[in-house]
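Presented below is the structure to which this report refers.
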Amino acid sequence: DTGVSQDPRHKITKRGQNVTFRCDPISEHNRLYWYRQTLGQGPEFLTYFQNEAQLEKSRLLSDRFSAERPKGSFSTLEIQRTEQGDSAMYLCASSLQEAGYEQYFGPGTRLTVT
Amino acid sequence: EDQVTQSPEALRLQEGESSSLNCSYTVSGLRGLFWYRQDPGKGPEFLFTLYSAGEEKEKERLKATLTKKESFLHITAPKPEDSATYLCAVGVYTGGFKTIFGAGTRLFVKA
């Protein structure tokens with residue numbers, strides 16, 4: 001069990017560019033979650049997948065954010081036309097349906113928009 | 001509106017000085033209350049899940065309890081390595097599912 005992995009760990013981009021992050025969950029976990037965390041705050045829920053189905057998406061997300069989990073394994077989070085306010089740590093977590101909703105987090109991708 | 005509030009925001013303890021962290025919540029469709037530990041620059045680390053009022057869980061120096069409106073994380077005889085941010089979260093059934101986190105309590109334990 002190698003845990004949840006995220007790539008890249010750090011991303012610096014210019015305002016207006018598109019960025020994509022990848023998350024590989026724990027291998028047998030069928031639930032996957034994305035969060036955004038800014039300094040001094042708790043993680044903010046973005047979206048939730050069960051297998052390949054996106055079952056919940058935060059109303060806080062604008063149309064610039066999209067997430068996919070095409071085969072129920074890894075997931076990608078894309079941010080289009082990045083803004084300085086998008087600078088944050090983006091966290092991915094996974095869980096096993098039979099184990100309830102206890103989530104195991106990856107190390108995060110730190111995004112800086114200049 | 002679903003909400004999770006943690007207090008205090010920060011807590012400074014001497015090694016061996018026991019204390020409690022509070023998490024109060026107002027949600028509909030509760031699907032569990034979770035405690036996590038987060039070290040600087042890392043993702044949260046799962047500690048406990050509580051599902052019903054009266055439930056208690058323990059792990060080493062930590063004990064989590066749950067009532068209908070709040071949860072407590074009790075830290076007994078803390079050590080400097082317990083210094084971290086402790087996050088409380090609730091799972092909410094929406095037809096789907098979402099998690100709402102509190103802002104956390106930053107714990108500092110001095111030797």
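The values are calculated or read from the model by the stated rules, or taken from the named source; none is laboratory data. Because the structure is a prediction, the values reported are computed rather than measured. Virtual Cβ from ideal backbone geometry, glycine too; neighbours counted across all protein chains shown. Ligands, DNA and RNA are excluded from the accessible area calculation, which covers all protein heavy atoms including side chains. Shrake-Rupley method; radii C 1.70, N 1.55, O 1.52, S 1.80 Å.
Quick notes
- Projection of the Cα convex hull of the protein assembly as shown, averaged over all directions and equal to a quarter of that hull's surface, yields 12.3 nm².
- A 1.4 Å probe run over chain A, with the rest of the protein chains in place, finds 51 Å² accessible per residue.
- Residue-level accessible surface for A:D86, protein heavy atoms, 1.4 Å, Å²: 10
- The apolar share of the surface of chain A, taken as the fraction of accessible area on carbon and sulfur atoms (1.4 Å probe, ligands and nucleic acids excluded), comes to 44 percent.
- Debye intensity ratio I(q)/I(0), log10, chain A, q values 0.16, 0.17, 0.21 Å⁻¹ (C-alpha model): -0.67, -0.76, -1.15
- With all protein chains modelled, accessible area of B:Y51 [1.4 Å, Å²]: 110
- Each part reduced to its alpha carbon centroid, segment B:60-111 and segment B:19-50 end up 4 Å apart.
- Between chain B and chain A, the total buried accessible area stands at approximately 1600 Å², from heavy atoms with a 1.4 Å probe.
- Computed with a 1.4 Å probe on the full set of protein chains, the accessible area for B:L13 sits at about 10 Å².
- Most to least accessible of B:K69, B:K59 (protein chains only, probe 1.4 Å): B:K69, B:K59
- If you run the Gaussian network model on chain B, springs between alpha carbon atoms under 10 Å, then out of B:G96, B:G43, B:G32 the most flexible one is B:G96.
- When each of A:K14/B:K98; A:K57/B:K98; A:K57/B:K68 is checked by Cα-Cα distance, pairs over 20 Å: A:K14/B:K98; A:K57/B:K68
- Computed on protein heavy atoms with a 1.4 Å probe, the accessible areas place B:T26, A:T47, B:T85 in the order B:T26, B:T85, A:T47, largest first.
- Relative contact order of chain A: 37 percent, from C-alpha pairs under 8 Å at least 6 residues apart in sequence.
- Note on chain B: GNM, Cα springs under 10 Å; of B:E17, B:E70, B:E60, the largest mean-square fluctuation is that of B:E60.
- Beta bridges by DSSP in the protein assembly as shown, antiparallel share as percent, to the nearest 5: 90
- Accessible heavy-atom area order of A:R15, A:R110, highest first, probe of 1.4 Å: A:R15, A:R110
- Under 18 Å from B:K42, Cα to Cα: lysines that are on another chain or at least 8 residues apart: A:K11
- Options B:A111, A:Q37, A:T2, ranked by Cα towards positive dipole end of the protein assembly as shown, top entry (Cβ charges): A:Q37
- Rounded to 0.05, the FRET efficiency of the A:K71 and B:E17 pair, given R0 = 35 Å and the Cβ-Cβ distance, is 0.10.
- Cα pair distances of chain B binned at 10 Å [whole percent]: 15, 49, 29, 6, 1
- A:E78 versus B:S52: modelled label distance in nm, points set 7 Å from Cα along the beta carbon direction: 4.6
- Electrostatic dipole magnitude of the protein assembly as shown [Cβ: Lys, Arg +1; Asp, Glu -1; Cα centre; debye, to 20]: 560
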